[in-house]
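In what follows, a structure is listed as structure tokens, so that the remarks can point back to it.
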Amino acid sequence: MNAECGMQSGTGFQPVSVASPSGVARASSPCSGPPPLTFLILCGGTGGHLTPGIALAEGLIARGHRPLLLVSHKQIDARLLAKYPRLAFEKIPGAPLSFSPVPFLRFAASQTRAFLAGLRLVRRHRPAIVVGFGGFTTASVIVAARLFRVPVALHESNRVPGRAVRLLARLAQRIYLPPGIRIPSVRPGKQREAGLPVRAEIAPLPRAEARAALGLDPHAPARLLAIFGGSQGASALNDWARRHAPDLAHLGTGLYCVTGPGKETGGPASLPDSGSGIPNGSAPEARYVPFCDNVAALLSAADLVIARAGAGTLAEFIRCATPSILVPYPHAADNHQAANAAWLAGHEAALVIPQERLAADLLPAAESLLADDARRAALVDALRRLDRARPLDQIIADLETLARR
């Protein structure tokens, strides 16, 4: 599609339960070719579900389609979507599944409300296809879509398929899975290999530009270690960062810790330098921030990142070619973060330290890797090899074919 057949903002959907909805762009009338399609994208609840939904919506708009994001009422969704005024979204009810009596009743009530909302949405927008990225906002709307015979596609980003995707797979006409992953109970013809779509803004930046964007001195000689615990933060990594910030300063290494909402303490602080070789007046800083609105800048500014191993996080590391030490969250469902981390480490593109070894092994591993430019360069090369695939284009082309059958 040429540039003249692009999208114009300000028209299209008019979501009902949105605090500040924006209109979905529509294709210009003079354009020839297939008409634009309407897509409902279920992607709320966590950053790992929401960011690939945003990436897909961006790609669909670029192809002349009309996406509507269905998200949760959580603050993380509202904060992230505020950056994307072009995207239309609507909040739907949802609560995590739990088998304890009171939480289960809350789950059942929220799913009933979500199902009724899904019926209204499908009737109103008549989507060509519904796409689900897993999570507790997905199930009821997909059931509603199938009652109207609307095709359903599911995307699983983790290397251990989650409960929602496994349970809903029989209702789906297409399931996108990480390379090498299959769901045995699902007909092979439904399954496709596809990585995680990454937002257009996630791209490597020049180091000086990235550091300036974070409010850091772009010319400071200090190395930078980032701590990135995902959209909710990671208390174990935050505590480790606070404990070892002075040790890192001895290596001439600054610290930028994304703590998660409500977990930050204080502002930037200069760390004591002891024999690091950093000139006077350029002592490393330790910064603790609750949220990072510019992930591309953070990953481009950092010499090394210590992080959890959610699929969205790893996809962004690959896109920005950022070396990392992964500490998988040990209580993740089906231990899927350990599987994600093992896959990246198996491609020699990351190091992995289990959380039970964090106190003993993480500081020596970080010090060794920060001091070894050649080893970090090898990790960067491996990450760039993994970035050759472009799953977003593949997924959109397949969805268009599926929707127009």
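Here, each number is a calculation from the coordinates, and none is a lab measurement. From a predicted model like this one, the values you see are computed outputs, not experimental measurements. A quick note on method: Cβ atoms are made from the backbone with ideal geometry, for glycine too, and the neighbour counts reach across all protein chains shown.
List the relative contact order of the range 95-253 as a percent without decimals, with contacts defined as Cα pairs under 8 Å and 6+ residues apart.
Once normalised by length, the contact order is 12 percent.
Relative contact order for the range 207-386: what percent, with Cα pairs under 8 Å and sequence separation of 6 or more?
Reported relative contact order: 20 percent.
Pull out the extension gain between D372 and Q75, defined as 0.36 nm times the separation in residues minus the alpha carbon to alpha carbon distance; nm, one decimal.
Extending this stretch completely gives an extra 102.9 nm.
Between R163 and R192, with labels modelled 7 Å along Cα→Cβ, what's the label distance in nm to one decimal, could you check?
Distance between label points: 2.9 nm.
Would you mind computing, in nm to one decimal, how far apart the modelled labels at D361 and L116 are, each placed 7 Å from Cα along Cα→Cβ?
5.1
Which whole-number percentage describes the relative contact order of the range 291-395, with Cα contacts under 8 Å and a sequence gap of 6 or more?
26
Report, for the range 207-386, the % of DSSP beta bridges that are antiparallel, rounded to 5.
Around 10 percent of the beta bridges assigned by DSSP in the range 207-386 are antiparallel ones.
Starting from the Cα-Cα distance between A208 and D398, subtract it from 0.36 nm times their residue separation and give me the gain in nm to one decimal.
64.5 nm
What ranking do V122, V198 get, fewest neighbouring Cβ atoms within 10 angstrom at the top?
Neighbour counts put them in this order, fewest first: V122, V198.
Rounded, prolate or oblate for the range 86-235? Axes are the square roots of the Cα gyration tensor eigenvalues, ordered a ≥ b ≥ c, and the cut-off for rounded is a/c under 1.5.
Taking the square roots of the gyration eigenvalues as a ≥ b ≥ c, the range 86-235 is prolate.
Take each of the peptides 158-165, 111-118, average the number of other beta-carbon atoms within 10 Å over its residues, and list them starting from the highest.
Highest-to-lowest ranking by the protection proxy: 158-165, 111-118.
What's the extension gain from R384 to S185 if we count 0.36 nm per residue and subtract their Cα-Cα distance?
Stretched out fully, the R384 to S185 stretch lengthens by 68.3 nm.
log10 I(q)/I(0), Debye, Cα-only the range 307-405, no solvent, q = 0.18, 0.24 Å⁻¹?
-0.85, -1.24
Considering the Cα positions of the range 207-386, please state its Rg to one decimal place and its Dmax as a whole number of Å.
Looking at the range 207-386, its Cα Rg and Dmax stand at 15.1, 49 Å.
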